[in-house]
Structures are given as C-alpha cells and as structure tokens.
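One structure below.
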Amino acid sequence: RLFIVDAGSGAALALDRRAVQLGRLEAVLLTGADPVRAADLDELGVRAASPRSERPLPGYGPADLHAVVEGLNMARAAQGVPGGLQPWAPAPEPGQSVIVFEGDGLRVSAFTTETDAFKGRVGYRFDYRGRSLVIAGDGRAEWAQAAADADVVMHGAQSQMLAQLHQDDIATPFEVATAAKTAGAGMLVLTGVDPNPMIAEFQVREAKQAGLSDVVAGRSGLLLELPLPSREVNVRPL
C-alpha cells in the first residue's frame, strides 16, 4: 500500500526520480493544508491517475483541505482534465483519532491535539502487524498518547536558538524527543533539519539530551524499513 504524507513542492518529481510508482497511490495525507504542504497536491493527482480510470485521488487533512481541493478541482474541470481529488471527512478531534484507512492488516489513523487543531495540523499513525510509524508533522509536542509504543516517530523540529530567532511555534528537538520518550517510541526521526550538516548534528544532539538515544536526522531519500517479525528499524538510502 502506498500513501504519501504531505505534498511539498517537487514531491512528485522526487518520487518519480526514485522510481516510486505513483499509479499505486492510495491517498495523500496532509499534516496541514497550507501551500508548503499542499504545493504538489494537484501534480500528484495527475501522476497517480490511471489512464483507464477517472477515480478521484483521496486526500485527507484538516478541515481547510476541503477549500483547497475545491479550488484545484475547479481549475482542472475548466481545463477539461479528467480525474480530480476527493477530500475525506471528518477531521479528528483532540484526543479522538479517526481511522483513515483499514485493510489487509494495515490501519492508518489521524490524530490532533488542542493546540494543533487550532492551527489546522493533523498527525498520522500507521499500524501493521505489531509495527508502527507515527508522522506528527511539525506541531507542538503534545501527541505522546497518540504515539504510544510506536517503533518510529517522525517530527519536524527547530533548535531552540532558531525557534527564538524566527519567533515561531515549531517544537524544539528536545521537546520532540521528550514527547517521544514519554510515548515509549523506539526511534525519533527529525524532519526538516537544517541542510548544514553541523547544525543538523547539533539538532540531533539537542534531542538526545532528553534521554532518547536513537535519533536520526531525516534527509531526502532516507528509507526506513520495519521488518517482520522484529523490533528492528533498518535505515538506508532509497
């Protein structure tokens, strides 16, 4: 089963270059409906469309996604392009997960928190035969309950220094790692780390100060494998 979480600019091209078959795409799951996360949503819909099918590509995300999808579909209809996007509902309530997909032993659920619901942010948990992956976007680190005993947690983070400089509310690596440790997660993958290797290493060290030893800096092309039956997580290039 193929799912894509977030559709930033260049996502479709990057996946094509790595020979990911977008025709197998089940759905696009957005952690937010802003342009940073939805820039390539329409392009993914075009590339995922089968030549023999006009079935809309499902998309799930916060309530704001409905307006984004409506605009994209109107533009596509005006150009006579078949297919389109189909938004899912309902959005999760704080503390109450919503099942997005369930079949063949796989369950994908969406969750949010009080703070993230106000900001229009959603996280996702994938459970399959005892293995679990949580993608928590880049909201505040209040999602420990939703990530309970996950093998891997992926979360965006900024160093405390950069967060103060930019005056934003993205969680720091220390906060994210503290939440992951509280949840009993096995590995933390920091996404959106600084492209400078030295700063990225500083962010990883900041996370490890929370007492979580298995912390990885997420990079484009990073592949995580959760083999069955095992508790191992294999990390290698795609």
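The values are calculated or read from the model by the stated rules, or taken from the named source; none is laboratory data. Keep in mind it's a predicted model, so treat the numbers as computed, not measured. We place every Cβ from the backbone using ideal geometry, glycine too, and count neighbours over all the protein chains shown. Note: areas computed on protein heavy atoms with side chains; ligands, DNA, RNA excluded. Shrake-Rupley method; radii C 1.70, N 1.55, O 1.52, S 1.80 Å.
Computed quantities for the displayed model
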{"item": "Hits in the stretch 96-145 - residues which are aliphatic (A, V, I, L, M) and over 15 Å from the mean Cα position of the chain (by Cα)", "result": "Val98, Ile99, Leu106, Ala117, Ala144"}
{"item": "In the stretch 118-134, residue nearest to Leu29 (Cα to Cα) [restricted to those that are surrounded by 19 or more Cβ atoms within 10 Å (Cβ to Cβ) and among the hydrophobic types (A, V, I, L, M, F, W, C)]", "result": "Val122"}
{"item": "Strands (runs of 3 or more DSSP E) completely within the stretch 189-238 that count 1 or more residues being of a type in the set (D, E, K, R) and open to solvent by 40 Å² or more (accessible area, probe 1.4 Å)", "result": "222-225, 234-237"}
{"item": "Residue ranges of strands (runs of 3 or more DSSP E) in the stretch 84-154 with at least 3 members under 27 Å from Val204 (Cα atoms)", "result": "123-128, 131-135"}
{"item": "Hey, Val108 in contact with a Lys or Arg (Cβ under 8 Å, 6 or more places away or on another chain) and either open to solvent by 50 Å² or more (accessible area, probe 1.4 Å) or within 27 Å of Leu228 (Cβ to Cβ) (or both) or not", "result": "yes"}
{"item": "Failed item in (1) touching a Leu at 6+ places or on another chain (Cβ under 9 Å); (2) under 30 Å from Leu228 (Cβ atoms); (3) not polar (S, T, N, Q), with Gly103 passing the rest", "result": "(1)"}
{"item": "Flag for Ala48 being touching a Gly at 6+ places or on another chain (Cβ under 8 Å) and of a type in the set (Gly, Ala, Ser)", "result": "yes"}
{"item": "Whichever residue in the stretch 68-100 is open to solvent by less than 40 Å² (accessible area, probe 1.4 Å) and within 22 Å of Gly23 (Cα to Cα) and, among such residues, is modelled with the highest pLDDT", "result": "Val100"}
{"item": "Residue pairs meeting the criteria (Cβ under 8 Å; at least 6 apart or on separate chains; first of a type in the set (Val, Ile, Thr), in the stretch 193-216; second open to solvent by 50 Å² or more (accessible area, probe 1.4 Å))", "result": "Val193/Ile199; Val193/Arg219; Val215/Lys208; Val216/Leu222; Val216/Val235"}
{"item": "Inter-residue pairs, beta-carbon under 7 Å, first without any contact (Cβ under 8 Å) to a residue 40 or more places away in the chain and of a type outside the set (A, V, I, L, M, F, W, C) and in the stretch 17-34, second in a helix (DSSP H, G or I) and crowded, with 17+ Cβ neighbours inside 10 Å, 6+ apart", "result": "Gly23/Ala48"}
{"item": "All positions within the stretch 135-164 that are over 26 Å from Ala33 (Cβ atoms), at pLDDT below 80 and open to solvent by 20 Å² or more (accessible area, probe 1.4 Å)", "result": "Gln160, Met161, Gln164"}
